[in-house]
Amino acid sequence: MGAIKAAAGDTVLTFMWVFCSSMFGLFTHLIVTALGIQNLAWAPLIVVTLLVFVFVFLFGLIGEALGGASFNPTATAAFNAAGIGGDSLLSMALRFPAQAAGAVGGALAIMEVMPPKYKHMLGGPTLKVDLQTGAIAEGVLTFLITFAVLVIILKGPRNPLFQTWLIAVATVSLVIAGAEYTGPSMNPANAFGWAYVNKWHNTWEQLYVYWICPFIGAIFAAWVFRVIFPSPKPKQKKA
């Protein structure tokens, strides 16, 4: 029952995340235009970072309210590999498809409600380089964001707002770095949702670049984290 409840929470949260995060580009455009700062090169970057900060913080609260729900399969796998998550193979086998289904629902929903004049701003990650380069890029980027999140959450500042701000800055920085390679996604569920909308969800490119390599990168990041920050061994009681 616990695994089913976790999967249901993941479905809801991933649906909401894909629906909302797909509008970051539109929100950024509307905000910088309303403020009259669209000609400043740094303005969109600052605005989108603030948007990511606000939404990541809110979704963290919603995820906790849903019993620890997650909208990113690699995050679930990484925390489990780092020895923090309480998932079993069964629960992860239920949660990953649930997250993918939620992403499909979110992508389809935003496509339905978005006004036609703004639909060109929607779209998920796409492969812009050759297959192997894209796979390496997505794996490395997922490694970096996963390691950063583990360090920030487990070894960083205790203030949740400061933690979220650091995660937002790291996320936006890596998205910019990977923009000319894979989008990037760093989230297999989000990539799958948009691939389904664009009818290439059942291709080898989608599986290899946006599922296999991100999982390898995320799990490797968790292992590196455990090597650098080993858990303290419990003290043995004297006889």
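Side notes on the structure shown:
- Annotation: peptides 8-16, 130-138, 33-41, ranked by per-residue average of other Cβ atoms within 10 Å with the highest first, follow the order 8-16, 130-138, 33-41.
- Over all Cα atoms in region 99-239, the spread is summed up by Rg and Dmax: 18.2, 75 Å.
- Length-normalised contact order of the chain in % [C-alpha pairs under 8 Å, at least 6 apart]: 29 percent
- For E180, solvent-accessible area (1.4 Å; no DNA, RNA or ligand), Å²: 130 Å²
- L90-N159 FRET efficiency (beta carbon distance; Förster radius 30 Å; 0.05 resolution): 0.25
- Accessible surface for region 1-75, divided over its residues, is 51 Å² per residue with a 1.4 Å probe.
- Among (i) 95, 48, 37; (ii) 57, 43, 31; (iii) 74, 38, 37, the entry that matches Cα extents along the principal axes in Å as calculated here: (iii)
- Loop sites here are trypsin sites (Lys or Arg not before Pro) outside DSSP states H, G, I, E and B with no more than 15 other Cβ atoms within 10 Å. The longest part of the chain free of them is 1-127.
- Extension gain for K5-V129 works out to 40.7 nm (0.36 nm per residue, less the C-alpha to C-alpha distance).
- Span-like helix criteria (full DSSP H runs; alpha carbon extent of at least 18 Å along the helix axis; mean Kyte-Doolittle hydropathy of at least -0.5) are satisfied in the chain by 2-21, 43-65, 89-113, 131-155, 160-178, 213-228.
- Loop-located chymotrypsin sites (Phe, Trp or Tyr not before Pro) in region 19-85 (DSSP state not H, G, I, E or B) with no more than 13 neighbouring Cβ atoms inside 10 Å: W42.
- Taking packing as the residue-averaged number of other Cβ atoms within 10 angstrom, the listed peptides 167-175, 188-196, 106-114 run from highest to lowest as 188-196, 167-175, 106-114.
- FRET efficiency, 1/(1 + (r/R0)^6) with R0 22 Å, evaluated for W223 and A65 via beta carbons: 0.10
- Ranked by how many other beta carbons lie within 10 Å on average, peptides 147-154, 80-87 from highest: 147-154, 80-87
The values are calculated or read from the model by the stated rules, or taken from the named source; none is laboratory data. In this text, all values refer to a predicted model and were calculated from it rather than measured experimentally. Neighbour counts run over all protein chains shown; Cβ positions are idealised from the backbone, glycine included. Surface areas here come from the heavy atoms of the whole protein model, side chains and all, with no ligands, DNA or RNA. Shrake-Rupley method; radii C 1.70, N 1.55, O 1.52, S 1.80 Å.
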